[in-house]
1. Identify all residues within the range 239-285 that are modelled with pLDDT under 95, within 22 Å of the chain's Cα centre (by Cα) and among the polar types (S, T, N, Q); write none if there are none.
2. For the range 76-140, please list each of the helices (runs of 4 or more DSSP H) lying entirely inside it that holds at least 2 residues being surrounded by fewer than 20 Cβ atoms within 10 Å (Cβ to Cβ) and without any contact (Cβ under 8 Å) to a residue 60 or more places away in the chain.
3. Determine whether the range 199-222 contains at least one residue that is closer than 12 Å to V133 by Cα, out of contact with any strand residue (DSSP E or B) (no Cβ under 8 Å at 6 or more places or on another chain) and of a type in the set (D, E, K, R).
4. Let me spell it out: the conditions are (1) within 14 Å of P120 (Cα to Cα); (2) crowded, with 18+ Cβ neighbours inside 10 Å, and E271 meets all of them except one. Which number is the exception?
5. Report, by residue number, each residue of the range 35-60 that is among the aliphatic types (A, V, I, L, M) and part of a strand (DSSP E or B).
6. Among the residues of the range 201-223, count how many are buried (at least 24 other Cβ atoms within 10 Å of the Cβ), more than 17 Å from the chain's Cα centre (by Cα) and β-branched (V, I, T).
7. Only one residue in T309, T297 is within 19 Å of G169 (Cα to Cα), of a type outside the set (D, E) and in contact with a helix residue (DSSP H, G or I) (Cβ under 9 Å, 6 or more places away or on another chain). Which one?
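The values are calculated or read from the model by the stated rules, or taken from the named source; none is laboratory data. Because the structure is predicted, anything quoted here is derived from the model rather than measured. All Cβ positions, even for glycine, are placed from backbone atoms using ideal geometry, and neighbour counts span all protein chains on display.
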Amino acid sequence: MKATKISLSRRAAVLLAACAMATGVSANTYPERAIKLVVPFPAGGAADVAARVFALELGTQLGQSVVIDNRPGATGNIGAEAVARATDGGYTLLFGNDFLATNQAMFKEMRYDTLRDFVPVSKVASTAVILAVHPSVPARDIRELLALSKTKSLNYATPGFGSGPHLFGQTLALDAGIDMKDVPYKGSAPATADAVGGQVDMIVSTMGPMIPYFKSGKLRPLAVASAKRSEQLPEVPTLREAGLNAQPYETWYGVLAPAATPKPVLDRLREASAKVMRNPEVAARLRSAGLEPGLVTPEEFGAEIRTDTARWARVVRDAKINRE
C-alpha cells in the first residue's frame, strides 16, 4: 500500500512537471523576454504615470523589460479586453483602475468579466478624487458652487463615461441638488487639459495630474472626495467638511493578469511586485505624483475590487443612471 502511495505521488509530480513544460513556464525561467503592461488610457494621466513608475522597478526585479502599451478607448474596455484574451502565459498584463468595477455596472454588454477573467497581482497606488473649477467660475467653495448652480447649468469633465469620477459626480449632483452635466473624456489627461483651457466649468477626476495647475492658479480645488484631507493639498477640505454628506471615494490602480496565467508565473509576478512596493524610492516617486502607495496583499486587493464592483452596481441601480 505504501509503495502504491509513493507511485501515485511520483505520477502526480511528473504530470505537474509535464504541464509546466507544455506551457513553457516555470518559476525559474519566467520571464524569458519582455513583458507588456497594457495601460488602457492615454499617456500623461495618473494611470500612465503610476504604471511607468511601477514598470521600471518591476523590470529591474524580474531582469526583463516591462514595456508600457497605451490602449485608450471605451472607458478602458479596449485594453482590458485585449489582456483578458491574452494566452501568452503571463507576458501580457493589465494596469487597471476602478473602471474594472464601474464598467461592469455601466455597460449592458461586456466582452470580459472583471471578477472571472482577471486575477490580482498587485495594488500599486490610490489617489483622491477632487472637484475643481476653472478660475472663471465664481465659486471658491462648495457653498458658493451650490448657489451658482441655482442660477446656471454647469458642466464637468471626467476621465470617461462610466468611470468612477463620472459616477461619483452623478451621485454628488443628485445628493447635493447641483445641476451638473457630465462631459466624458478618454482619460484624465485630456479631461484636465480642457478644464485648464476653460472648455468646461469643472472637473471631477484624480488629483495627481491637476496639482501643478492648482499651484499655478489655472484650476481652483474645492473639495476632495476622500475620507481625510490629502497630504499634498492639506488646505483643501473633504466633501463632508464642506457640508456634503458624500460617501468617501478614491481611485485605485493596480496590476492584474489574465485568469489563465499559470500559477508559477503568477507567484513570480506577485513576489517581484511585493519587492517593488517595498522600495522606498518607488513610494517617493508615487507620492510626488499625488499618489499613495498601495501596500496591501493580492488577496486584499482582490477584495477591494469585489467591494467596488458591488458598490457601483448599487449606485447605477439606485440613481437610475442609463447604462450603455
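1. Q247, T251
2. Result: 77-84.
3. Yes - at least one qualifying residue is present in the range 199-222.
4. E271 satisfies every listed condition except (2).
5. I35, L37, V38, V39
6. Matching residues across the range 201-223 total 1.
7. T309
Rundown of residues vs (1) touching a Gly at 6+ places or on another chain (Cβ under 8 Å); (2) among the aliphatic types (A, V, I, L, M); (3) farther than 26 Å from R52 by Cα, yes/no style:
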| position | (1), (2), (3) |
| --- | --- |
| N97 | yes, no, no |
| Y112 | no, no, no |
| P138 | no, no, yes |
| S153 | no, no, yes |
| A157 | no, yes, no |
| D182 | yes, no, yes |
